[in-house]
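What follows is a set of notes on a single structure, which appears directly below.
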Amino acid sequence: AFTSEEIWQYLPGARGESVLFETWYAGLADTSVEARDANAWAELLTLREELARVLEPMRQAGGIGAALDVDVDVYIDAPRAARWQAYGEELRFFLITSSCRVHALDAAPADALAGSLVPGAERVPIKLRVQVSAAPKCVRCWQHRANVGTHAQHPELCGRCIDNVEGPGEDRR
C-alpha cells in the first residue's frame with residue numbers, strides 16, 4: 001500500500017514539494033456557520049430536547065416504543081414557524097418522528113402541551129401536540145406513513161422506501 005505522499009512523488013506535471021501543503025478544495029461551497037445558522041441549530045436542538053421530555057413518559061407508560069411512533073404538531077411564534085416550515089419533511093427526520101407539522105402559536109389547540117425553548121438567554125414559548133400515529137408502519141424505515149401498503153409489489157413499504165429501492169431515490173436537502 002502507498003500513502004498519498006509516496007504517490008505524489010511520482011505524479012507527472014508541476015507540483016509542490018509535498019501533498020500535505022497543497023490546496024485541493026478551490027470551488028467548494030462555503031461551510032462556515034454564521035451566527036444566524038448557529039442560533040437556528042440551537043433552537044432546533046432545544047426543540048428536540050423539549051420533544052424528548054414529552055415523549056419519555058409516553059414511552060415509559062408503554063404508549064409508544066420510539067419517537068418514530070408519533071406524529072408531532074409544533075406551535076411556535078410566527079417568525080420561527082415560517083422558518084421551520086421551510087425545512088419541510090427534513091424536520092421529521094431531524095426529530096426522528098413519523099411526521100412533524102409546524103404552526104403559529106396562536107393556532108394551538110387546547111390539548112397541546114405548553115413548554116419553552118431556551119436556545120440562549122431568551123425563553124421562547126412553544127406548544128406540542130403529540131399523538132400516536134394511526135398510519136401503518138413501514139418495515140424498512142419504521143416510519144408510520146399513510147402510503148404503506150399502496151404498492152402491489154412492496155405492500156409493507158412506504159412510498160419513500162419504494163423510491164429508494166426501485167427508483168432514483170429521494171431528494172434530501
**Item:** Filter pass, Ala114 being assigned to a strand (DSSP E or B) and of a type in the set (A, V, I, L, M)
**Value:** yes
**Residue that is surrounded by 11 or more Cβ atoms within 10 Å (Cβ to Cβ), closer than 27 Å to Val54 by Cβ, aliphatic (A, V, I, L, M) and touching a Lys or Arg at 6+ places or on another chain (Cβ under 9 Å), where the choices are Val165, Val130, Val148, Val118** = Val148
**Request:** Kindly indicate the residue of the range 14-49 that is of a type in the set (A, V, I, L, M) and part of a loop (DSSP other than H, G, I, E, B) and also modelled with the lowest pLDDT among those meeting that condition.
**Result:** Val33
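Being on the phi > 0 side of the Ramachandran plot and either assigned by TED's automatic domain parsing to the domain that holds Val139 or over 20 Å from the mean Cα position of the chain (by Cα) (or both) is the filter here; which residues of the range 62-113 pass it? Quick ask: steps written out before the conclusion?
Applying the first criterion (on the phi > 0 side of the Ramachandran plot) to the range 62-113 yields 62, 88, 96.
Scanning the range 62-113 gives a single hit, Gly62.
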**Counted residues, the range 50-78 - those being part of a loop (DSSP other than H, G, I, E, B) and either among the aromatic types (Phe, Trp, Tyr) or under 15 Å from Ser133 (Cα atoms) (or both)** = 5
**Prompt:** Tally time: how many residues in the range 84-111 are touching a helix residue (DSSP H, G or I) at 6+ places or on another chain (Cβ under 7 Å) and assigned to a helix (DSSP H, G or I)?
**Reply:** 4
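The values are calculated or read from the model by the stated rules, or taken from the named source; none is laboratory data. Worth saying up front: this structure is predicted, and the values here are computed from it rather than measured. Using ideal geometry, Cβ is built from the backbone for each residue, glycine included, and neighbour counts are taken over all protein chains shown.
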